[in-house]
Every structure is written in structure tokens, then in C-alpha cells.
Amino acid sequence: MILEIVQYGHPVLRERCKPVTQVDDALRQLAADMLETMYDANGVGLAAPQIGQAIRLAVVDVSHDPDCISFLKVAGRDAPLASIMPLVFINPELEFTGPKERDAEGCLSIRDVRAEVSRPVSLRAILPQLDGSTLEIETDGLLARAIQHETDHLNGVLFIDRVSPAAKIALKRKLRRLMAED
Ligand code: NI
């Protein structure tokens, strides 16, 4: 089922989401619906607060571009990107391992806004899975960026919070207009 994506200005996007403590059929269905919603909107990631649920659950799929990362290790071993896509995770823990790099980002909850965001290029992520297992990955590129963007959502942080002060001024009018629409 395609869910409605909450838009900028809605308070749920600013909540610090609660850890997922129990995985049941309803949660599995929610994750499946989030993937469907993300694909329908041509996004590469979606976090639960974006569909109005303040819980630490997110989905990512960057498999449209196998060259969007330069490496991927799963549990310390080289692995193909497709082997972990689509990615569904709860309660992520991130550790940054590289210098920061700027790249353009957008967000399904902030229509028509793109901006350069500076983030660590690589990371190690502990990503608990719905089946009770834990996925431990090291990667970079768009996958590292998407995991950071979605994990930010779980903490009530939006990519526009991380743009440079000059870029923020440039975005101000557009954001105020989006806020007024909702
Ligand atoms: Ni987003």
C-alpha cells in the first residue's frame, strides 16, 4: 500500500523517534509499505517519521546505480551492493570513518528543494534487521549518505539543517512557502 508522505512543517519530522522494541506482522507490513511508497515516489530512502510514525525504522535502496559506492563490506567481507538491497533497518548505530564531502541531497518530505550537504564519506553501520539478525556494513558513496540522511530523520534532523549558512539563506523563502502550504 502506498502511504502518504508527510511534508515539511509537520511536527513528526522533528521528533526524536522511539526505538523499535518488537517486530510483529504490523511492523513488517509497514516496512513493505514504506518500500512501495519510496519506489512510487522515485526516492532512494524513506524513514518512518516521513509516513507519520515516530519509530526508528527506515528503508534504503540505491541499487539503481551499482557504481554509487566504491566499496561494501558486510561483516568485514567484500560484498556486492545488490546482496543487501533493498535495505530495511531498525535502531541504526553509525560510526563515521572518513573525511566530510559535499554532495547534493533532496528529501521526499521537502518537495523541490535540493542542496549541497557536507557529510562523512564513509561509515560503519550496525543495522538490526526485522528477522532479528544484525547487518554490519562498511561503505561509502550514496549508500553511506542515504543511511546518514535516513538516520538523521530518526533524530528529527532534516538535510536542510546541515547545509551551509549561505545556502540556508538561499533556501529560506522556498522553505517558508512550503511551510505555509501545509
Ligand atoms: Ni529525507
Item to check | Unique residue being within 30 Å of His10 (Cα to Cα) and in contact with a Gly (Cβ under 7 Å, 6 or more places away or on another chain) when the list is Ala125, Ala54, Ala146 | outcome: Ala146
Checklist entry - Any residue in the range 116-131 that is under 22 Å from Phe96 (Cα atoms), modelled with pLDDT of 95 or more and not in a strand (DSSP E or B)? => result yes
Checklist entry - What number goes with the only condition from (1) surrounded by fewer than 20 Cβ atoms within 10 Å (Cβ to Cβ); (2) away from the ligand (no atom under 13 Å from the Cβ); (3) under 20 Å from Ala104 (Cα atoms) that Gln7 does not pass? => result (2)
Checklist outcome for this item: When His149 is run through (1) touching a strand residue (DSSP E or B) at 6+ places or on another chain (Cβ under 8 Å); (2) modelled with pLDDT under 95; (3) of a type outside the set (A, V, I, L, M), the failure sits at (2)
Checklist entry - Here are some conditions: (1) surrounded by fewer than 15 Cβ atoms within 10 Å (Cβ to Cβ); (2) more than 14 Å from the ligand (Cβ to nearest atom); (3) closer than 20 Å to Leu158 by Cβ; (4) among the small types (Gly, Ala, Ser). Ala104 meets all but one. Which one does it not meet? => result (2)
Next on the checklist: Out of the strands (runs of 3 or more DSSP E) lying entirely within the range 28-78, which hold 2 or more residues that are aliphatic (A, V, I, L, M), within 20 Å of Leu143 (Cβ to Cβ) and away from the ligand (no atom under 15 Å from the Cβ)?
Outcome noted: 72-74
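The values are calculated or read from the model by the stated rules, or taken from the named source; none is laboratory data. What you see is a predicted model; the values in this text were computed from it and never measured. All Cβ positions, even for glycine, are placed from backbone atoms using ideal geometry, and neighbour counts span all protein chains on display.
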